[in-house]
Every structure is written in structure tokens, then in C-alpha cells.
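Everything below concerns the one structure shown next.
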Amino acid sequence: MASLWMQFRSAIGRLRGIAAFWWKAFSQRSIDLTLRTHAGLVTRIVESPGRSLCEGDLEQLVSQLRIVAGKTLPAGSLTYGIFSGEREKLSRAVVTLICEETSGRPVAFNALSVLPVELDGEAIEVTHLGLVMVDPDVQGQGLSWVLYGLTTLVLFMRGGLRPKWISSVTQVPAVCGMASETFSDVFPSPRTGARQSFAHLQLARGIMRQHRSVFGVGEEAGFDEARFVITDAYTGGSDALKKSFDLAPKHRDEQTNAFCARELDYARGDDLLQIGRIDLAAARRYLFSEVPSGSLPALLATSAVLALQRLALPAAHWMDDTRAFGVLRPRPRSGR
């Protein structure tokens, strides 16, 4: 009986922690959240650290990212984007950092970037999936569902479930396949039916024209607009990430591996620029195919609360004519 009570208390504690995480995600102007996602590991999501963190905290965060990168690459080999430590570049970033709970040692991170571009003459933002790195000592511990999807889900839910465009630059078949399976309307993709729309082309042109430095691609790199392939991509500070096809992590679907081998010249150093969307269908796929079953009930419950908060509360505020709501003013009371 005592054991069952302890398990019950532990489960309630986890639910409360996750609920608090989602509540903060929607109540804070700039996200800075911490969540225990694995046994012994803590995940922190920081939005726009270049704007929200003081100098000391920002230096510490960049140092933690460099520690993880240093476990897989030569020291100082990455100098672009978030590794530069420049506030302007870090102001556009959303960093997901996983650390050991007891020691605080960083073991993995994902660095998203928010890219302002134009679509049909209007300014929009594309969420660039960015760089993912995992300390070899903790690989295989099921971190991918956090690193590749949790932050985009948080941003999607906070945006009121409105579809958001995403982009990814990679030569790794495993990452190409993950993006194709998780997100909607992805191009290029090994999946049957993938097609390039005019919206894809507009976004790709805007990203390549304005944001090459975000993913370490030099101005001399070419871009094949028919296939969305960046040719000779590793010339803008990302040289250390260039891999041969044999060394690039493979996807479980051989069709994806064959697609990358056919489309990319690994000796030259090509990359795919994939563009897609996160929408309700993508969120559902992520929750039911990527999130571990033990974490799924809590994420579903808190996602439901989050959706109600984001969608139902504005409607309630709108119908309340006794208090101000944005540009709306309270109804004057009679007798005044």
C-alpha cells in the first residue's frame, strides 16, 4: 500500500510539473521553461536568449552549447549562428537544452531560429529547425522526441493552433526522414506525393537570400530551385558538420536513405532545404508516434488545457463587457 501511495504521489507530482510548464508557456511573454522529461535529466527551453538573458546568463548558456558541441567536434570548429555568442543572432533563437539533473552537465541541445521572410507580399516567420547535437555518452536514451518536436509543439500551441511554416537544412538521412514524417506538406521529401508549391518556392528564395548565415552556408554556395538542393553548402562556418554518406546517420526507411544518396553530392557537400508546416495533423502525428507512451497522457492532458486557455479564454474576455480587452473598452454603466 505504501508503495502504491508513493507511485501515486510521484505521478501527481509529474502531472503538476508538466501542467505548470504549459501554463508558463502561455503566460510568459518570452519562454524560459524547465521540465523534467527523462529520469535524471532536465530540459530547458529559452526563447530569444539574446534579448531575455543578462550578459552572465547568456555567456553561460552559450558555454553549455559549446560543451555539447565539443563532445562530437573539434574545439572551436563551429563559429556561426548561436556559437558566435552575438546577441542579435541569439535574439532570433529558441534553445532547447538538456542537462543532467544532479550535476547540471549539458548533454544535448536543439537550437531553433525564427526567420522573418515574405510570403505573397506579407511578412511572416518561419521556424528553422536548426542544429541538434547529443553527447555520445547519452545517445540512445530516447532524447529525440524532445529535441526534434517538443519546442515546435510549444510554439504551435502558443500560437493558438495556427499552422506555422518550418524549414530544415540537412544532409543527414535520419533528419530528412524525421522532418518528412513529422511535419505536413514537406518539400523536398522521399514520401509519395511530395510537391513544390509556389509558397514553398517563395519561402526558399527568401531564406536563401536573407538567412544563409543562420545555418552556416556561404554566399558562394549554389541553390537548385527545382530540387531545393544547396550545392557546396559547407563554406560559411559549418565545415566541421560535413559528412560522407557512409558516416551520416541513416533513417529506418531505406527509401529515405536512397533519396538522399540520389539527390545529394556528399563529396561536394550538398544539403537539402526542406520546407513544411506544423499544423493539427502534424501535432497529432508527433504526439502519437514520437512521444513515449509513458509521457503521452500527461502531454495530451496539458495540451488540452493549453488549447482551452489559448482559444476559450480570449472568447470569454471578448464577451465580458465590464473590463478592457486590447483596443476594446468596457461598456459605460447607466447613470454615468
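Among the residues of the range 133-144, how many are in contact with a helix residue (DSSP H, G or I) (Cβ under 9 Å, 6 or more places away or on another chain) and buried (at least 20 other Cβ atoms within 10 Å of the Cβ)?
Count: 3.
Taking THR102, is it under 25 Å from VAL42 (Cα atoms), buried (at least 20 other Cβ atoms within 10 Å of the Cβ) and hydroxyl-bearing (Ser, Thr, Tyr)?
It is false that THR102 is under 25 Å from VAL42 (Cα atoms), buried (at least 20 other Cβ atoms within 10 Å of the Cβ) and hydroxyl-bearing (Ser, Thr, Tyr).
Just to check your reading of the model, which residue among VAL175, VAL146 is modelled with pLDDT under 95 and in contact with a Ser or Thr (Cβ under 6 Å, 6 or more places away or on another chain)? Lay out the reasoning, then the answer.
Values: VAL175 fails: in contact with a Ser or Thr (Cβ under 6 Å, 6 or more places away or on another chain).
The unique qualifying residue is VAL146.
Taking only pairs six or more apart or across chains, which ones have beta-carbon atoms under 7 Å, a first residue in the range 250-272 that is more than 11 Å from PRO190 (Cβ to Cβ), and a second residue that is in a helix (DSSP H, G or I)?
Listed by first residue and then by second, the contacts come to LYS250/PRO173; LYS250/ALA174; LYS250/ASN257.
Taking the range 205-217, which residues are in contact with an Asp or Glu (Cβ under 9 Å, 6 or more places away or on another chain) and surrounded by fewer than 17 Cβ atoms within 10 Å (Cβ to Cβ)?
The answer is ARG205, and nothing else.
Quick one: which of ALA93, ALA108 is at pLDDT below 90 and not assigned by TED's automatic domain parsing to the domain that holds LEU247?
Details: ALA108 fails: at pLDDT below 90.
None of the others qualify; the one that does is ALA93.
Would you check if there is a residue in the range 227-240 being within 26 Å of GLY121 (Cβ to Cβ), in contact (Cβ under 8 Å) with a residue 60 or more places away in the chain and more than 20 Å from the chain's Cα centre (by Cα)?
Yes, because at least one residue in the range 227-240 is within 26 Å of GLY121 (Cβ to Cβ), in contact (Cβ under 8 Å) with a residue 60 or more places away in the chain and more than 20 Å from the chain's Cα centre (by Cα).
Return the total of residues in the range 105-143 being of a type in the set (S, T, N, Q) and under 16 Å from ILE45 (Cα atoms).
As a first pass, look at the range 105-143 and keep what is of a type in the set (S, T, N, Q): 110, 113, 127, 139, 141.
Subsequent filtering for residues that are under 16 Å from ILE45 (Cα atoms) retains 110, 113, 127.
Counting residues in the range 105-143 that are of a type in the set (S, T, N, Q) and under 16 Å from ILE45 (Cα atoms) gives 3.
Regarding GLY193, is this residue of a type outside the set (Lys, Arg) and closer than 28 Å to LYS89 by Cα?
Numbers: of a type outside the set (Lys, Arg): yes; closer than 28 Å to LYS89 by Cα: no.
Criteria not met by GLY193.
Of all residues in the range 222-234, count the ones that are surrounded by fewer than 19 Cβ atoms within 10 Å (Cβ to Cβ) and among the hydrophobic types (A, V, I, L, M, F, W, C). Outline the logic, then answer.
Step one: filter the range 222-234 for residues surrounded by fewer than 19 Cβ atoms within 10 Å (Cβ to Cβ), giving 222, 224-227, 231-232.
Filter once more, so that each one left must be among the hydrophobic types (A, V, I, L, M, F, W, C): 226.
Matching residues across the range 222-234 total 1.
Take the residues of the range 265-282 that are among the acidic types (Asp, Glu) and surrounded by fewer than 24 Cβ atoms within 10 Å (Cβ to Cβ): which is farthest from LYS243 (Cα to Cα)? Please lay out each step first, then the result.
We begin by selecting, within the range 265-282, every residue among the acidic types (Asp, Glu); these are 265, 270-271, 279.
Now drop any that are not surrounded by fewer than 24 Cβ atoms within 10 Å (Cβ to Cβ), which leaves 265, 270, 279.
Details: ASP265: 11, ASP270: 10, ASP279: 32 Å.
Checked the range 265-282; the qualifying residue farthest from LYS243 (Cα to Cα) is ASP279.
Of (1) assigned to a loop (DSSP other than H, G, I, E, B); (2) surrounded by fewer than 18 Cβ atoms within 10 Å (Cβ to Cβ); (3) touching a Leu at 6+ places or on another chain (Cβ under 7 Å), GLN202 satisfies all except one. Which?
GLN202 satisfies all of (1) assigned to a loop (DSSP other than H, G, I, E, B); (2) surrounded by fewer than 18 Cβ atoms within 10 Å (Cβ to Cβ); (3) touching a Leu at 6+ places or on another chain (Cβ under 7 Å) except (1).
Do we have MET157 as part of a helix (DSSP H, G or I), hydrophobic (A, V, I, L, M, F, W, C), in contact (Cβ under 8 Å) with a residue 60 or more places away in the chain and touching a Lys or Arg at 6+ places or on another chain (Cβ under 9 Å) here?
Numbers: part of a helix (DSSP H, G or I): yes; hydrophobic (A, V, I, L, M, F, W, C): yes; in contact (Cβ under 8 Å) with a residue 60 or more places away in the chain: yes; touching a Lys or Arg at 6+ places or on another chain (Cβ under 9 Å): yes.
In short, yes.
Residue-by-condition table, conditions (1) touching a residue at least 24 places away in the same chain (Cβ under 8 Å); (2) in the same structural domain as ILE82 (by TED's automatic domain parsing); (3) over 19 Å from VAL114 (Cβ atoms):
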{"residue": "GLN139", "(1), (2), (3)": "no, yes, yes"}
{"residue": "GLN171", "(1), (2), (3)": "yes, no, yes"}
{"residue": "ALA174", "(1), (2), (3)": "yes, no, yes"}
{"residue": "SER197", "(1), (2), (3)": "no, no, yes"}
{"residue": "MET208", "(1), (2), (3)": "yes, no, no"}
{"residue": "HIS211", "(1), (2), (3)": "yes, no, no"}
{"residue": "VAL214", "(1), (2), (3)": "yes, no, no"}
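Of the residues in the range 212-229, how many are out of contact with any Lys or Arg (no Cβ under 9 Å at 6 or more places or on another chain) and not in a helix (DSSP H, G or I)? It would help to see each step written out before you state the result.
Taking the range 212-229 first, the residues out of contact with any Lys or Arg (no Cβ under 9 Å at 6 or more places or on another chain) are 212, 215-217, 220, 222, 224, 226-229.
Then drop every residue that is not not in a helix (DSSP H, G or I), which leaves 216-217, 220, 222, 224, 226-229.
Of the residues in the range 212-229, 9 are out of contact with any Lys or Arg (no Cβ under 9 Å at 6 or more places or on another chain) and not in a helix (DSSP H, G or I).
Which condition number in (1) modelled with pLDDT of 90 or more; (2) over 24 Å from SER84 (Cα atoms) is the one that ILE166 fails?
All conditions pass for ILE166, except number (2).
The values are calculated or read from the model by the stated rules, or taken from the named source; none is laboratory data. Keep in mind it's a predicted model, so treat the numbers as computed, not measured. Counting neighbours? That spans all protein chains shown, and the Cβs are built from the backbone with ideal geometry, glycine included.
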